[in-house]
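The values are calculated or read from the model by the stated rules, or taken from the named source; none is laboratory data. Just so it is clear, the model here is predicted, and its values are computed rather than measured. Note that we place each Cβ from the backbone using ideal geometry, even for glycine, and neighbour counts take in every protein chain shown.
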Amino acid sequence: MTENLLNLAQTRGFVCAKDIQNNWQIFLPHPTENWKLQQVEDKWLVLIAETPQFLFGLEGAKSFLEQFQHCQFSYNSVCKPVEDALHQQAEQERLLNQVTTQIRQSLELPVILKTAVEQLQKLLQVERVVIYQFDKKRAQNQNSKLKRQGIKGGTERQEDNYELPGCGRVTYEAKADDAILSVLNLMELEQCFVKIPKVEEKYRKGSILAVEDVETSYTKYKCFLKLLRRAQIRAKLVAPIIVREELWGLLIAHQCNSTRQWREREKNFVGHIAEQLAIALYQAELYAQVQQQNIILEQRVRERTQELHNALLVAQAALEAKTEFIAAINHELRTPLTRVIGMSETILRLAFGEEKNLSPHKHQSYLKTINDSGKRLLEIINNILALQEIQSGKAGLNLGEFSLINLTQQSIQSFWNKASSQSVKLIIERGNELKQSGE
């Protein structure tokens, strides 16, 4: 019908456009006017004016159309497909802008992916849209297993260069209705991909795969065809999601109940959506890295803060120990010094004073006290010097035998005279084993 109309009008095409009242009209421009042909939906020809004479051409076409009223054409048969195509193109642009805006404004990756598959399913009017995410670790394990089994590089398969494109599972899904079989979390466990030559290489290059009928396209690959039948897939449109030159996953549209001829515009659109999802995934990966770095830095700050707190506690404990040590040393030094001074004054008074009644026994006792106190004082000074060596890390461990009983007696001796002067009785209690070992 359209070709007959064009022949009668002796023109190269027709124009579907809206008039001043915003109503769709059919116009046949004059053959001499400069028009550019453009295909819409691989079916209808639309003429676009290249000069401002477009309006004049429309007016001329109106009167020209009146002469061919016997030609049977209508809005539904000629302009409706064009209007539908323009509407679908606008919807595609809207969805693409929506996904792009979500990526720029949100870092919620699950929300972005879920919205994308839901809107894409509605726009393409397919039964199902899924995102298939590859599992790199599982793919590496299976590749190693295949190499050990001789599947790759074998003489019987050397000409095909078979590759395993990474196993995974369906992570997101949108269905037209509940009657459609759900494939969410479906995993490819039978290694069917390994029998499809160079499939990963094609996806890595960004190739979009359009399969109108899986029954005719995968007749050689029984395993994979069986998997598609189990998932109720009759036609599919696949776009790779490539993140940092790595194949992250696939964006797939499924036609479940019938074959489907995928249009070029649909292929390009699914490819654009996959590219935007790749951007979202890359941004989410960067954000996750930043978050991980923040966690590591926060952990390091906590550890460093704890270390400083522990160091402060150690410093405070050292200060307290130093204070206690000074107090103890003050007492330890004063006690023998007081005894030395006291005994020496007593000797001077009794031996050389007016009384001069110092007996040899008392003289010997006083001198012994002075001698013991001097030794005690020397021992304390040596201990202080030894402690300084320990703090400076210069002291060595000196192993040797000693008498615990003698050490006990020496320790209590410094308090003996003071206790006696204040009528305090000091008693040392020892166990039988200690007594035997010390004597």
- prompt: Taking the range 199-250 as the region of interest, how many residues are without any contact (Cβ under 8 Å) to a residue 60 or more places away in the chain, assigned to a strand (DSSP E or B) and of a type in the set (Val, Ile, Thr)?
  reply: 4
- prompt: How many residues does the range 252-282 hold that are closer than 15 Å to LYS205 by Cα and outside any helix (DSSP H, G or I)?
  reply: 0
- request: Please enumerate the residues belonging to the range 335-361 that are closer than 20 Å to TRP416 by Cα, modelled with pLDDT under 80 and of a type in the set (D, E, K, R).
  value: ARG339
message: I'd like the full set of residues that are closer than 19 Å to LYS267 by Cα and surrounded by 12 or more Cβ atoms within 10 Å (Cβ to Cβ), limited to the range 95-110.
response: LEU95, LEU96, GLN98, VAL99, THR100
field: Among (1) surrounded by 12 or more Cβ atoms within 10 Å (Cβ to Cβ); (2) modelled with pLDDT of 75 or more; (3) not assigned by TED's automatic domain parsing to the domain that holds LYS322, the one test that ILE380 misses
entry: (3)
- request: Sort through ALA284, ALA288 and tell me the only one that's modelled with pLDDT under 90 and surrounded by fewer than 16 Cβ atoms within 10 Å (Cβ to Cβ).
  value: ALA288
- request: Identify the single condition in (1) of a type in the set (Lys, Arg); (2) surrounded by fewer than 12 Cβ atoms within 10 Å (Cβ to Cβ); (3) touching a residue at least 40 places away in the same chain (Cβ under 8 Å) that LYS394 does not satisfy, given that it satisfies every other one.
  value: (3)
When residues of the range 202-233 are limited to those that are closer than 25 Å to GLU275 by Cα and touching a Ser or Thr at 6+ places or on another chain (Cβ under 6 Å), the one surrounded by the most Cβ atoms within 10 Å (Cβ to Cβ): VAL211
- prompt: Of the conditions (1) under 17 Å from the mean Cα position of the chain (by Cα); (2) under 27 Å from THR259 (Cα atoms), VAL126 fails just one. Which one is it?
  reply: (1)
query: What about GLN89, is it in a helix (DSSP H, G or I) and at pLDDT 65 or above?
result: yes
